[in-house]
Amino acid sequence: MIEQVIEQWHAYLKGQLPDGLDALLDDEVVFYSPIVYTPQRGKAITTMYLQAAGQTLPGESASSGVPGETPTGGFRYTKAVMAGDTAVLEFETTVEGKYVNGVDIIRCNDQGRIVEFRVMIRPLQAVNLVHRQMAATLEAMKPSG
């Protein structure tokens with residue numbers, strides 16, 4: 001089951017999943033942020049965090065076009081380990097010239113919905129930078145009123 005969920009996750013990241021995160025996330029999903037101590041519970045808050053992460057960890061890469069050259073700046077998954085209901089996806093990117101390396105640990109239920117999404121980031125310099133940017137992005141996403 002996890003293989004299909006990860007296939008859908010990749011489709012979502014490419015903008016190819018019509019229902020977006022609503023189709024992927026269980027109503028009771030729990031999001032574990034590398035920045036916030038307490039687990040974030042529910043589809044709405046998890047959607048907000050994942051959308052903010054998408055803005056903070058950019059998907060566009062700057063590449064010279066040379067075949068085999070590693071793009072700089074672009075979010076990309078470099079490894080995937082899947083077993084049972086869980087996937088561990090290692091990623092890397094560059095934010096403000098700083099290397100960011102981490103893992104997404106994704107667990108699904110029997111209905112093919114994500115019930116747990118855990119993000120871990122390294123090195124410390126990257127954690128601090130992502131924390132600052134995520135805070136600003138989340139603040140900007142709050143409804144004004």
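The values are calculated or read from the model by the stated rules, or taken from the named source; none is laboratory data. As the structure is a prediction and not an experimental result, all values here were calculated from the model. Backbone-built Cβ (ideal geometry, glycine too); neighbour counts: all protein chains shown.
Annotations
- Residues of segment 14-29 that turn out to be touching a strand residue (DSSP E or B) at 6+ places or on another chain (Cβ under 9 Å) and part of a helix (DSSP H, G or I), as a count: 2
- Near pairs, Cβ below 8 angstrom, 6+ apart or cross-chain, from segment 33-50 (more than 13 Å from MET120 (Cα to Cα)) to any residue that is polar (S, T, N, Q) and part of a loop (DSSP other than H, G, I, E, B): GLN40/SER33; TYR49/SER33
- In segment 83-104, the qualifying residues are those that are touching a residue at least 60 places away in the same chain (Cβ under 8 Å) and closer than 19 Å to ASP26 by Cα, and the one that is farthest from the chain's Cα centre (by Cα) is GLY84.
- When the test is whether a residue is β-branched (Val, Ile, Thr) and within 19 Å of VAL29 (Cβ to Cβ), VAL127 does not pass it.
- Criterion violated by GLY15 - all others in (1) modelled with pLDDT of 90 or more; (2) on the phi > 0 side of the Ramachandran plot; (3) surrounded by fewer than 12 Cβ atoms within 10 Å (Cβ to Cβ) satisfied: (1)
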